[in-house]
Each structure stands twice: as structure tokens, then as C-alpha cells.
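Since the structure comes first, as C-alpha cells, the remarks are kept for the end.
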Amino acid sequence: MAGTGDRRPLVEKVTDLLRAEGVKVGDPFPTEKELCEKFAASRTAVRSAIAQMEGQGLIGKGSTRGREVRALPVGRGSGRHDDERTYRVRRGCG
């Protein structure tokens, strides 16, 4: 089916960007428009990647408008074995 391809490569590009920019858990997540421009991707592709990231618990709704980073994969992975990945997640202690 056209248009239903795997968007994990875009998810990997976004997580690589977040790591490269030193984004931390709790920081604001880029807007759809920013991601479309940065990766020259359609809004549909960006929304699909965002939905996957939300489903994986990497991002979520922030306390105000927009989304925030909730976790980042540790190290570089292929994205094909999500169950084998380790995530850095904000904890309520400390």
C-alpha cells in the first residue's frame, strides 16, 4: 500500500538530531513544521514519526503547549529491535 511505509528511518534521524543538539529529557520537542523543514519531509511523514515516538514513550504532551522529550534511546541502534533498546527516562527521585 502506498504511503504506509515504515517511518522508523525518520524516527532515527530525529533521535540522532536530538542527541546531536544535546537535548535532555524534559526539553521541548521540535514542532511539526520545524521537522518538516529540517528533514524535507511531508507533514504526513512527520506526523507518522511523531506518532511512533509517542507510542514508544520517547515524547509526550508537555505541561504547556507542544510536546516534550520523555526518553531518548541510549547509543545508536538500527531501530529494528525496539525491545532490545535501552532508554534513558526521567525518574521522579533525585
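The values are calculated or read from the model by the stated rules, or taken from the named source; none is laboratory data. Just so you know, these numbers come straight off a predicted model, no measurement behind them. Backbone-built Cβ (ideal geometry, glycine too); neighbour counts: all protein chains shown.
Would you be able to tell me the number of residues in the stretch 33-55 that are within 13 Å of L18 (Cβ to Cβ) and either basic (K, R) or not in a helix (DSSP H, G or I) (or both)?
Going through the stretch 33-55 one residue at a time, the tally reaches 1.
Of the residues that make up the stretch 69-82, is at least one touching a helix residue (DSSP H, G or I) at 6+ places or on another chain (Cβ under 8 Å) and at pLDDT 90 or above?
Scanning the stretch 69-82 turns up at least one residue that is touching a helix residue (DSSP H, G or I) at 6+ places or on another chain (Cβ under 8 Å) and at pLDDT 90 or above.
Restricting the stretch 22-38 to residues that are more than 13 Å from G66 (Cβ to Cβ) and more than 13 Å from the chain's Cα centre (by Cα), which is surrounded by the most Cβ atoms within 10 Å (Cβ to Cβ)?
C36
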